[in-house]
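A quick write-up on the structure given underneath.
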Amino acid sequence: GKLWMWSLITIISMFILFFASFAIWTFQDDVELVYDNYYDKDVVFEQQIRRVERTDALAIKPAVNYFSQREELTLKFSPAMAHQNPTGEVLLFRPADLHKDRLFPLDLIGDSLQTIKLPEMDKGLWRVKLSWTSKGLEYFYEQALMVK
């Protein structure tokens, strides 16, 4: 007569064990999603906001143009900004395929212009992310680009 009691205890124990191990496994898995230091992330985010605000405050923002027939991208900075010898990089970001991203150093010719040859660009949406430093201040400019 005690068999049913031991069966019930065994089933309940297995049930508890299953849920306990499931809970432990779930919480261990989520640990990677939690940042160790929220403050550092906030600082980085704040710095990016400042870069964008600084760029928005410029009288003349960089002009980014893509010429599909010539397969090239041109960046034109205002002469005032160009005389300050900005250093930085140009990231061509492909939301549809991160492996297609391309990175170029900012290298202004004749003071304010840079031309980047882009043969065989995939058609569709790209984002041009321009980040540069001028006179010790950091700037960031982003523009969508449709390649047809």
Strands (runs of 3 or more DSSP E) contained entirely in segment 80-132, each with at least 3 residues that are of a type in the set (S, T, N, Q): none
Any residue at all in segment 101-108 that is loosely packed, with under 12 Cβ neighbours inside 10 Å, in contact with an Asp or Glu (Cβ under 7 Å, 6 or more places away or on another chain), without any contact (Cβ under 8 Å) to a residue 24 or more places away in the chain and more than 15 Å from residue 143 (Cβ to Cβ)? yes
Would you point out which residue out of 90, 64 is at pLDDT 90 or above and under 17 Å from the mean Cα position of the chain (by Cα)? 90
hydroxyl-bearing (Ser, Thr, Tyr) and within 18 Å of the chain's Cα centre (by Cα), is that true of residue 139? yes
Restricting to segment 126-148, give me the number of residues that are among the basic types (Lys, Arg) and more than 15 Å from residue 91 (Cβ to Cβ). 2
When only residues in segment 8-40 that are open to solvent by 100 Å² or more (accessible area, probe 1.4 Å) and either closer than 30 Å to residue 131 by Cβ or in contact with a Ser or Thr (Cβ under 7 Å, 6 or more places away or on another chain) (or both) count, which is modelled with the highest pLDDT? 39
When the residues of segment 116-135 are narrowed to those that are open to solvent by 70 Å² or more (accessible area, probe 1.4 Å) and over 15 Å from residue 100 (Cβ atoms), which ends up modelled with the highest pLDDT? 117
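The values are calculated or read from the model by the stated rules, or taken from the named source; none is laboratory data. Just so you know, these numbers come straight off a predicted model, no measurement behind them. When we count neighbours, we look across all protein chains shown, and the Cβ atoms used for this are built from the backbone with ideal geometry, even at glycine. Heavy atoms of the whole protein, side chains included, go into the accessibility calculation; ligands, DNA and RNA do not. Shrake-Rupley method; radii C 1.70, N 1.55, O 1.52, S 1.80 Å.
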